[in-house]
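These notes are about the structure you will find just below.
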């Protein structure tokens, strides 16, 4: 399909880069759901039809939620990679403020968006410490 600017802008609300829809091969699609995030799937022609799939049909088409490949923004993926590296080296959760500082993320709004994206993707666990300022720790859910 030919994608116009309006479709690309719409896709940017769900993907890090809305232009990713231009690079889809025939029979591929991005499927977005608040419960399991965004997945890139292949659709076989006999199963292609317009309908509202139920949970069993979604699982049959794209696999279970645990098997789905998460599509994260570049920033969220960078945070996840650093959190995993920290956990691997120390065996401890990382402070979110330290991760943000290491990656040069200074905007609270941007950091909040990344936190929400990681929560929706269910790839990390956050915990608020009882220290002054109530810092957040973050650890990967391998």
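Selection of the range 109-142 for residues being surrounded by fewer than 17 Cβ atoms within 10 Å (Cβ to Cβ), over 23 Å from residue 89 (Cα atoms) and at pLDDT 90 or above yields 109, 110, 112, 113, 116.
Taken over the range 110-134, the residue count meeting the criterion of being within 22 Å of residue 73 (Cα to Cα) and out of contact with any strand residue (DSSP E or B) (no Cβ under 8 Å at 6 or more places or on another chain) is 7. Only one of the numbered conditions (1) surrounded by 11 or more Cβ atoms within 10 Å (Cβ to Cβ); (2) out of contact with any helix residue (DSSP H, G or I) (no Cβ under 8 Å at 6 or more places or on another chain) is not met by residue 100, and that is (2).
Within the range 117-132, which residues are free of Cβ contacts under 8 Å to residues at least 12 places away in the same chain and either in a helix (DSSP H, G or I) or at positive phi (or both)? Answer for the range 117-132, where residues must be free of Cβ contacts under 8 Å to residues at least 12 places away in the same chain and either in a helix (DSSP H, G or I) or at positive phi (or both): just 119.
The values are calculated or read from the model by the stated rules, or taken from the named source; none is laboratory data. Here the structure is a predicted model, which is why all the values come from computation and not from measurement. Glycine gets a Cβ as well: all are built from the backbone with ideal geometry, and neighbour counts include every protein chain shown.
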